[in-house]
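The values are calculated or read from the model by the stated rules, or taken from the named source; none is laboratory data. Computed from a prediction, not measured in an experiment: that's the story for all the values here. Positions of Cβ are backbone-derived with ideal geometry, glycine not excepted, and every protein chain shown enters the neighbour counts.
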Amino acid sequence: MAQLAGYNDDTFLWNEFKAGDKTCFNTLFRRYYSELYYYGIKNFSDPDLVKECIQEVFIRIWETRESLGNVENVRAYLIVSLRRIILAQKKKVMLQQHIGLRQVENSPFLFDLNEFEKHEEISDGVRKILLAAINSLTRKQRELVMLFFYYELSYAEIAEVIGITVPALRNLMYRTLIHLRESIGEKSLESMNKLFFLFFSSFSVKKV
Amino acid sequence: MKRAEDISMLLTDKSFRKILSEWLEFSDLRKAEVYRNYGLTPKDVEILRQLFLGLDFHLYEHPEANIEEALNETVWKLTERKFIPGEKSHLKKLYVQFSKIAAVLIIPVIVYTAYIQFFRFSQVVPAEKPQMVTVNSQPGTVTTLVLPDESKIWLNAGSSISYPNVFSGSIREVSLTGEAYFEAVKNKEMPMVVSVGGLKVKVYGTKFNVNAFPSESTVKVTLIEGSVALSSKLGKFNGKNEFFIDPGQTVTFNEESRNLDVKTEDPFYYTAWKDGVIIFHNHTFDTVLKSLSRRFNIDIELKDQSLATIRMDATFRDESVNEILRLLSLSTPFSFYYEAPQKSPDGTFAKSKICVVKK
């Protein structure tokens, strides 16, 4: 039982892996592969590149395991590494193709409804409006929303991933959330009004 | 309690998120306590709960077999890279020592090579066979590149261009599919010839735009400044081998009817894409959808062909594809929806798809 608890604990896995335990290395790989892939594909939209770079992340941490420090959040550490390696790889590919070649723009993938959990308490209308609002965010804002609400990284960790300061990040989060709240504000108010209406109508019936 | 920030910032508070996720199990007393502590109305909490639940990402888990395959590949790559473990440090020292010696030895070699290159054999430079370089611009991206003669080119999404790594002979030959904007360097002795489809565009040094996507059977050449001559393998234009375009003119060559159509219009309509501006000027709806599809790297399907020939004018800057379609649908009777993307068996995601239907 104690062993089992150990395997669920990232810090335990990390320390054992650093000591050269291959089983723990494999467990970390299996645990984070899907998450890293999803992060990569949503932000860089190139399946082969993302797959190759995830492997590179794990190859590097294995090769340098003796000099690695203690990591507070393994997930954050892996995401930062993946992002760095993908960007470096893209740069390398561009240089190989032609000197002076520059990628001006890279349009991010859009989200769709399947990528969010379905909750009975929100109507399809609100879900669609929220989805449109999320798709209209800038690339950086969407990355922030994913990292914060899905990957549950802290501000300091996200700041390291995206490469901006914590105050700037808080500011960005503020603007993002207001935009999202305003988009659904009207719609959810409507359903609230309906509730009030039901409540009062049942009240008046009783009185009569 | 008066708050300085918008209520939505409460979502960044971990303990508040916990409250939202357990809200339905709360007693009225506890709910009232939350309203009081955070200074919220029931309406506020309802909005925050909708926002919180709406941001609940659903992860697509890779099939176990795919993860195992990726893991095996990684382990394999690791063993391949490692050579003679244990003696690595010793080998490394030897390598450093060796490179120091090599660095000293290479200096006379460089001097000797330079001497031979510049003084002895300066007359007899072997003519190297130029190699062809092809640059593709992926859908969703605009690429800029510089040709060996320093000419600058903007390559639109979904286009490709090929050219030799060294220009030699009497012309600078370039071939293009898709759309590109050229700023060609002036060289009277060596004109640039751009081949698109059956058409050849001959220039000495000018700014011009060529639009020839295979999905549209026309080639459009817009001249901004300088002069450009068109010629075709297929025949003559008005009895002449070459047809000259004036600055500001746009020539449309129809590859099926072999007709040339000359118009004088603001060249900005045709070159705006390179600055990230999307302009539709008397475009049919199906060409609008095709260009949006290339620009945003997304599949768009027109379900009702009766809409295809509707013509429209519009200008967009920094808008998302969603917003563009929404704005277009205000003046045209269509609506659109997202179709769930196909997830192929190897775990990769297909492109998102938008379907357009008649309203």
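Scanning region B:146-169 for residues that are assigned to a loop (DSSP other than H, G, I, E, B) and of a type in the set (D, E, K, R) yields a count of 2.
Looking at region B:244-285, which of its residues are aliphatic (A, V, I, L, M) and either surrounded by fewer than 17 Cβ atoms within 10 Å (Cβ to Cβ) or more than 30 Å from B:Thr332 (Cα to Cα) (or both)? Within region B:244-285, B:Ile245, B:Leu260, B:Val262, B:Val277 meet the criteria. Only a single criterion out of (1) loosely packed, with under 10 Cβ neighbours inside 10 Å; (2) at pLDDT 85 or above; (3) within 14 Å of chain A (Cβ to nearest Cβ) is not satisfied by B:Ser89, namely (2). For region B:332-350, a residue qualifies if it is at the interface with chain A (Cβ under 8 Å from one of its Cβ atoms), touching a strand residue (DSSP E or B) at 6+ places or on another chain (Cβ under 7 Å) and closer than 20 Å to A:Leu49 by Cβ, and the qualifying residues are B:Pro341, B:Phe349. The combined condition, being at pLDDT 85 or above and on the phi > 0 side of the Ramachandran plot, is not fulfilled by B:Gly197. Inside region B:164-197, residues that are closer than 26 Å to B:Lys290 by Cα and aromatic (Phe, Trp, Tyr) make up a count of 2.
Residues are listed down the side, and each one gets a yes or a no for (1) assigned to a helix (DSSP H, G or I); (2) closer than 15 Å to A:Tyr151 by Cα:
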site	(1), (2)
A:Cys53	yes, no
A:Val57	yes, no
A:Trp62	yes, no
A:Glu72	no, yes
A:Ala76	yes, yes
A:Ile85	yes, no
A:Ala88	yes, no
A:Lys91	yes, no
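Among residues of region B:280-306 that are within 12 Å of another protein chain (Cβ to nearest Cβ), those with a Cβ under 6 angstrom from a residue that is among the polar types (S, T, N, Q) and surrounded by fewer than 20 Cβ atoms within 10 Å (Cβ to Cβ), sequence gap 6+ or separate chain, pair up as B:Phe296/A:Ser107; B:Asn297/A:Ser107.
Inspection of region B:232-243 finds no residue satisfying the criterion of being crowded, with 16+ Cβ neighbours inside 10 Å and among the aliphatic types (A, V, I, L, M). Within region B:162-179, being of a type outside the set (Asp, Glu) and either within 12 Å of B:Gln138 (Cα to Cα) or surrounded by fewer than 21 Cβ atoms within 10 Å (Cβ to Cβ) (or both) holds for B:Ser162, B:Pro164, B:Asn165, B:Val166, B:Phe167, B:Ser168, B:Gly169, B:Ser170, B:Ile171, B:Ser175, B:Thr177, B:Gly178. Would you say B:Ser329 is more than 9 Å from chain A (Cβ to nearest Cβ), without any contact (Cβ under 8 Å) to a residue 24 or more places away in the chain and assigned to a helix (DSSP H, G or I)? It is false that B:Ser329 is more than 9 Å from chain A (Cβ to nearest Cβ), without any contact (Cβ under 8 Å) to a residue 24 or more places away in the chain and assigned to a helix (DSSP H, G or I). Among the residues of region B:296-349, which ones are exposed (fewer than 11 other Cβ atoms within 10 Å of the Cβ) and within 20 Å of the chain's Cα centre (by Cα)? Selection gives B:Arg317, B:Asp318.
With the condition kept exactly as written, say whether any residue in region B:351-358 is closer than 18 Å to B:Ile278 by Cβ, loosely packed, with under 14 Cβ neighbours inside 10 Å and β-branched (Val, Ile, Thr). Scanning region B:351-358 turns up no residue that is closer than 18 Å to B:Ile278 by Cβ, loosely packed, with under 14 Cβ neighbours inside 10 Å and β-branched (Val, Ile, Thr). For region B:152-181, the set of residues classified as of a type in the set (Gly, Ala, Ser) and within 11 Å of chain A (Cβ to nearest Cβ) consists of B:Ala157 only.
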